[in-house]
1. Quick check on the chain: what does the Kirkwood estimate of hydrodynamic radius come out to from the alpha carbon pairs, in Å?
2. If you bin the C-alpha pair distances of the range 204-271 every 5 Å from 0, what whole percents do you get?
3. Past the 16 angstrom mark, what percentage of all C-alpha to C-alpha distances in the range 260-336 do you count?
4. Cut-off under 16 Å on the C-alpha distance; same-chain residues fewer than 8 positions from LYS349 excluded. Which aspartates and glutamates are left, in chain and number order?
5. Lone cysteines in the chain, defined as no other cysteine's Cβ under 4.7 Å from theirs: which are they?
6. Please give me, ordered by residue number, the GluC sites (Glu not before Pro) of the range 266-310 that lie in loop per DSSP and have at most 16 other Cβ atoms within 10 Å.
7. Once phi is turned into θ = phi - 60°, what whole-Hz ³J(HN,Hα) does the Karplus curve with 6.51, -1.76 and 1.60 give for every residue of the range 540-550, x standing for Gly and Pro?
8. Can you compute the FRET efficiency between GLU540 and SER346 using 1/(1 + (r/R0)^6), with r the Cβ-Cβ distance and R0 = 51 Å? Round to the nearest 0.05.
Amino acid sequence: MKSLDKKILVTAALPYANGKIHLGHLAGAYLPADIYVRYQRSMKRDVIFICGSDEHGVPITITAEKENTTPQNVVDRVHLQNKATFEKCGMSFDNYSRTSLPLHHETAKEFFLAFFKNQILVEKKEQQYFDEKKQKFLPDRYVEGICPVCANPEARGDQCEKCGSYYNSTELKNPKSKLSGETPTLRDTTHFYFPLGNYQKRLEEYLKVSNEREKWKDNVLSACKGWFNDVLRDRAVTRDLDWGVPVPLDGYDNKVLYVWFEAVLGYISSTKEWSKKVGKENLWKEYWHDENTKYVAFIGKDNIVFHCIVFPAMLMAWNDINETKYVLPTNVPANEFLNFEGQKFSKSKNWGIDVDDFLSLFPPDLLRYSLTMNMPEGKDADFYWKDFQSRVNNELADTFGNFVNRTFTFVFKNFEGKVPPVSDALSMVDDMLVNHLDWTTSRSSDALEKYSFREAASCIMELVRVSNKYFDSNEPWVTVKKNPEQCATTLNLCLQTIRTLSILFEPFIPSASQRIWKMLNLKGTPSEAGWESASKRYLEVGHILNSPEILFIKIEDETIEKILHRMDQPTNDSSTEFTPIPSGLGVTNQRTNELTNKPTNLPAAAGEKTKITIDDFKKIELRVAKILSCEQIPKSKKLLKMKVTIGTEERQILAGIAEHYKPEDLIGKTIIVVANLEPAKLMGNESQGMMLAASDDNGKLCFVTTEKEMQAGSVVK
Ligand SMILES: [Zn+2]
């Protein structure tokens, strides 16, 4: 194991104080950060873990208006809520701050003024919508109108949620102010811009050098490359809004700093707050102003540009003009997305589960373990309830829990609950176990150093499997009579292994680890004992143990069925009603229309989506299929369930066409299906493919078929 004397600064993305933390957030940034920090603490390194709420920006003011309250009330509530949730799932932040604090405002203003005085910022005049009645400039999200691309009448100022197009708010047809409902006018306004493009060369060099020092993740590097290829543009630093950090200049009333500019500085202000709390006001500088500090920023993939490009550029700009220099991120190990039961987490579509609700059903260790083993490290991953159940039951309960329990039970039955003596001459099998303790400790350490959390946890779980085999093959229930000395050695080594596991598993499942520590009747915590002591045999012969308790309770099928059933129930609020639409969506652009149940008559222009290569297209396996049977899914207005044959096999396919076809009209029909789509669970039924369909002018869906009768299974190309 490498020794490391430098300080380690770990930050996790500041969650936006406009909603609850869900499983995707946890798997993306917070859990990996927490595991990493706990491991570093166990390695006795000087590490601090910094986070906090991001409390400014337009979505918060919109929520406040909806709730008829102030933005401050919204963030007060959400901040406390999220802070409590993080505590419940064991996030061990050294500080969890908030960007609405004066300390943060001061920090953000200091950066802005330094840039302003040194003429780093560019001032630009531009036109922006203005609400004459309310006498206010309107940020994009406060303007609504007709989408210039698909004619959706409820398009947002900068983006159409139906067709997904981005545009300039001035391109919107028939714009209306969301504040007054009036048609806004265009007025001149001035804003400051940060010239990100000026830093492109240095940023590319910074990434290259950082990656040479310590390998960055491929998904992060390729995202950055994409941004560099697009050429970095000036980014507006200010906007016309009254909720945020006010622009600290005379004559700039009703302007605040853009959230992207000040939120990342929240890491610095949160560290300052921590310093004050621990009574050493300047301590934060020892982390931020030391170029040897190892600064690791944990984020989800949607934040890559801000942490790998924008924030480093801001710090470079600061460092150019100041004596005291900030350290840039040493690594930004961003994770990809975690999906939920085959689809993206979506608050508006009521799809997914937040951490709070999860923890009302299951203890945090189960969540932490299953998310770690399924972490979206290199690519997107999926959370499925059934997977969760089988991980908990098979790995935590039947493998780990069982090993601990059988060892303790045996020791209490045959050795009066005391650590039995160990023989001086270990057998080959004993030696193999002892070597495996060393090997696991160093291999999982290597994996954690390179942010491979899944690999580290798998490696430790492998030790549990090895230990169970060791127990089995040594047959202590036989040797207890025939060879008591060997039996004692077996149990001694099993107990030593349990101590090892308690230390190695601590970053992942801290509360189970602590309970094992107590069962072993050891002082302090596994982390205080330290990672480097993990493989040493510290349990003394004759040491008295505490009686065992069950570590993990298995999850019944019934519990999971109940959850799946509840998930299938549409909510009462029709505006957020979620009906999964699995069919016909590849052909037209109607997916979002289906979800909101307001079809528009205008199909989007063809070829508007990102171009793909012929190789991309070849990845999609299209087959001719014949419908063998078809039925309505109970309680669903839209879904039909059909059995189809694709020649070599039968598939169950769900399609959102119940409003357009009667089941009996479809039986025997020839359709085209996407045959290599990941199966998805909808209303408790699995769909093993997708049926192609197109919408007509009235929004009626028509399935796609072949011009003449074809054999099921024929390839469509
Ligand atoms: Zn549109």
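1. Values: mean 1/r = 0.0345 Å⁻¹.
Result for the chain stands at 28.9 Å.
2. Calculated P(r), rounded to whole percents: 3, 14, 15, 13, 18, 14, 11, 8, 3, 1.
3. Working: 1562 of 2926 pairs.
Counting pairs separated by more than 16 Å, the tail of P(r) holds 53 percent.
4. Within the straight-line cut-off, LYS349 pairs with GLU161, GLU341, ASP568, ASP573, GLU577, GLU594.
5. CYS51, CYS89, CYS224, CYS308, CYS459, CYS487, CYS494, CYS630, CYS702
6. Working: sites: GLU273, GLU281, GLU286, GLU291; in loops: GLU281, GLU291.
Qualifying residues, ordered by number: GLU281, GLU291.
7. So the J values, rounded to whole Hz, are 7, 4, x, 4, 8, 9, 8, 5, x, 10, 5.
8. Details: r = 55 Å, r/R0 = 1.08.
Rounded to the nearest 0.05, the efficiency is 0.40.
The numbers here are math on the coordinates, done by the rules we state, and not lab data. Not measured: the values here are computed from a predicted model. Please note: Cβ atoms are built from the backbone with ideal geometry, for glycine as well, and neighbour counts cover all protein chains shown.
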